[in-house]
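Since the structure comes first, as structure tokens, the remarks are kept for the end.
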């Protein structure tokens, strides 16, 4: 079990409709700062991204921002951070954040947040990496998404092991504990062979 020294947090550049989203972001950032866990995030100075960064910094935590130049040009970069990486594209941004992080958390957010957390899940599934991936399910924000993922398992598009490797909790402290104790479920190496056999039956 690898010690978690840094966590990449994906979240909205909007604060969202419910003030509890901001409260939860601040709680997670505070806990990370207190526990000495580096926050890796998209480097924005607005929305939930700003909330978690400020909370982590207030506890003496280290925060790393990663942002493509195109977004910096829109004046949304948190330029006061001691460590800030400017990258060429959104794709390189995700690769850089993954390289800097031992785990991933998605807080409430929009299309970008979903894109980022699903890519991390995909990399685990394809065994490109083996790192904890989690949803901070503030006030049930991700309930419908979790339900859909369960449905994809029922319909045999996602392996149960890959679904169950996704950690979900509404409590920031409990989610960090789950990440620290994470041991990934492994899929039998012949699962691709099983898919080939099933395909051969149908085609």
inquiry  = I'd like the residue in region 17-55 that is without any contact (Cβ under 8 Å) to a residue 40 or more places away in the chain and farther than 22 Å from residue 77 by Cα and, out of all such residues, is nearest to the chain's Cα centre (by Cα).
reply    = 36
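Any chance region 22-34 includes a residue that's modelled with pLDDT of 95 or more and in contact with a strand residue (DSSP E or B) (Cβ under 6 Å, 6 or more places away or on another chain)?
Checked against the condition, which is being modelled with pLDDT of 95 or more and in contact with a strand residue (DSSP E or B) (Cβ under 6 Å, 6 or more places away or on another chain), region 22-34 yields at least one hit.
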message = Quick test for you: out of 48, 39, pick the one residue that is modelled with pLDDT of 95 or more, in contact with a helix residue (DSSP H, G or I) (Cβ under 6 Å, 6 or more places away or on another chain), in a strand (DSSP E or B) and closer than 25 Å to residue 23 by Cβ.
response = 39
task = Read through the list (1) part of a helix (DSSP H, G or I); (2) surrounded by fewer than 18 Cβ atoms within 10 Å (Cβ to Cβ); (3) in contact with a helix residue (DSSP H, G or I) (Cβ under 8 Å, 6 or more places away or on another chain), then give the number of the only condition that residue 14 fails.
result = (1)
ask   = Is region 139-157 home to any residue that is touching a residue at least 12 places away in the same chain (Cβ under 8 Å), surrounded by fewer than 20 Cβ atoms within 10 Å (Cβ to Cβ) and within 10 Å of the chain's Cα centre (by Cα)?
value = no
ask   = Which strands (runs of 3 or more DSSP E) sit wholly inside region 95-193 and have at least 3 residues that are under 24 Å from residue 65 (Cβ atoms)?
value = 103-106, 133-136
request  = Report whether or not residue 167 is within 15 Å of residue 178 (Cβ to Cβ) and touching a residue at least 40 places away in the same chain (Cβ under 8 Å).
outcome  = no
query = Got a sec? Which of 9, 87, 63 is in contact (Cβ under 8 Å) with a residue 60 or more places away in the chain and touching a strand residue (DSSP E or B) at 6+ places or on another chain (Cβ under 7 Å)?
reply = 9
note = All-but-one check, residue 130 against (1) surrounded by 21 or more Cβ atoms within 10 Å (Cβ to Cβ); (2) touching a helix residue (DSSP H, G or I) at 6+ places or on another chain (Cβ under 7 Å); (3) touching a residue at least 40 places away in the same chain (Cβ under 8 Å), failing number (1)
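The values are calculated or read from the model by the stated rules, or taken from the named source; none is laboratory data. This one's a predicted model, so the numbers in the text were calculated from it and none came from an experiment. Note that each Cβ is placed from the backbone with ideal geometry, even for glycine, and that neighbours are counted across all protein chains shown.
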